[in-house]
Amino acid sequence: MVETPTPKRVLAAIPDLFFGSKVAGAAGRLGIQVQFASSRKALLDGAASEPDLIIVDLDAQALDPLGAIPEILARDRASRPRLVAFGSHVHGAMLDQARQAGCDQVLTKGALASGLPALLSEI
């Protein structure tokens, strides 16, 4: 009996519907499932469900991303998913805070948009 592989999963904390649909479309083309988190609780609960990748929009202030990131990263590094944060290039200090918090990768929104297929294909 051949076992069907479990599909890869992405947790996306992206309230921008246009950008969220871009992520969902790129993931769908690769057979990756996307779960969206619209609150801090949903982000933390979703992170505990062990997705393969978490993408967090630093500009989503309602999610308190810079407060939630340390909680996500507090998990054992071997068991936690890769965490990618992104934000507007004009918010350099916020991008630096995410780097200092220990995100695996911190990108501008433009860099994430252009590198999305490659990022998703790596999981």
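The values are calculated or read from the model by the stated rules, or taken from the named source; none is laboratory data. Everything numeric here is computed off the predicted structure, so don't read it as measured data. Cβ sites come from the backbone with ideal geometry, for glycine too, and all protein chains shown count toward neighbours.
So, of the residues in region 82-100 that are more than 23 Å from V10 (Cβ to Cβ) and small (G, A, S), which turns out to be surrounded by the fewest Cβ atoms within 10 Å (Cβ to Cβ)?
The residue in question is A93.
Here's the yes/no breakdown for (1) part of a loop (DSSP other than H, G, I, E, B); (2) loosely packed, with under 11 Cβ neighbours inside 10 Å; (3) not aliphatic (A, V, I, L, M):
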| residue | (1), (2), (3) |
| --- | --- |
| A12 | no, no, no |
| F18 | no, yes, yes |
| G28 | no, no, yes |
| V34 | no, no, no |
| K41 | no, no, yes |
| V56 | no, no, no |
| I69 | no, no, no |
| R80 | yes, no, yes |
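Of the conditions (1) at pLDDT 95 or above; (2) of a type in the set (G, A, S); (3) in contact with a Lys or Arg (Cβ under 7 Å, 6 or more places away or on another chain), G28 fails just one. Which one is it?
(3)
Since M94 meets every condition but one in (1) within 21 Å of L112 (Cα to Cα); (2) not in a helix (DSSP H, G or I), which condition does it not meet?
With (1) within 21 Å of L112 (Cα to Cα); (2) not in a helix (DSSP H, G or I) applied to M94, the lone miss is (2).
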